[in-house]
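Contents: one structure, followed by commentary.
Here, each number is a calculation from the coordinates, and none is a lab measurement. Owing to the predicted nature of the structure, the values given are computational and were not obtained by experimental measurement. Virtual Cβ from ideal backbone geometry, glycine too; neighbours counted across all protein chains shown.
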Amino acid sequence: MIRSSRHAPKAGTKRFQKFAFITAFAILTAAAALLDCHYVWRAVTASVGREKTVGVVVALDRRVSTSTLGRPSVAHQLADITVSYAPIVAFHAGDGALYRVTGGVYSSYNQARIGDQIPVYYRRDDPHDAIIVSFQEMWLPVIVGSGMAAAFALALFGTIRLTRERPARDGAMPGPQPRA
């Protein structure tokens, strides 16, 4: 059987490790870029085919998460507790009914306060499909996704550059050697 250099090398070899590492970063880069494309598309088309109204923050959705910081023993685990919030906005659609939308971005620093008026885009045919119009809801996911995609792309290209095979630098020029 003839093996081409295009085929993946055998597991355990240095070449396979390089191939696996580069492939992993390529997949992470592609996934982050696709996720970012989703957020860009959502932000750009948020107002297309939607009605705009003003809603009122009626509550804050609270999310509590804990982290054990990788302590070795359950008896010695000190949990970090993080509390984050997202606004719940009530708005009246064109049919006069009252609807609610919960923000998709949870943050420990909450800019919205109960009673604040916030613009909302909603679909006339499906008012449950609503988007809160704020930088945090529309453009922050785009910025985070772009940063992730850029970081993975830099790691990918750095890995390719650092793992490429280089000729030995012994100062000798290749070619025929003079006879002595």
Expected unfolding gain across LYS52-PHE157 under the 0.36 nm per residue rule, minus the alpha-carbon gap, is 33.5 nm
Limiting things to C-alpha atoms, what are the Rg and the maximum Cα-Cα separation (Dmax) for segment 52-132, in angstroms? 17.5, 57
Quick one: net charge around PRO127, please, counting Lys, Arg +1 and Asp, Glu -1 for every other residue with C-beta under 14 Å from its C-beta. 0
Roughly how many Å is it from the Cα centre of segment 78-97 to that of segment 25-51, as a whole number? 22
Given labels modelled 7 Å from the Cα in the Cβ direction, how far is it in nm from TRP139 to ALA31? 2.9
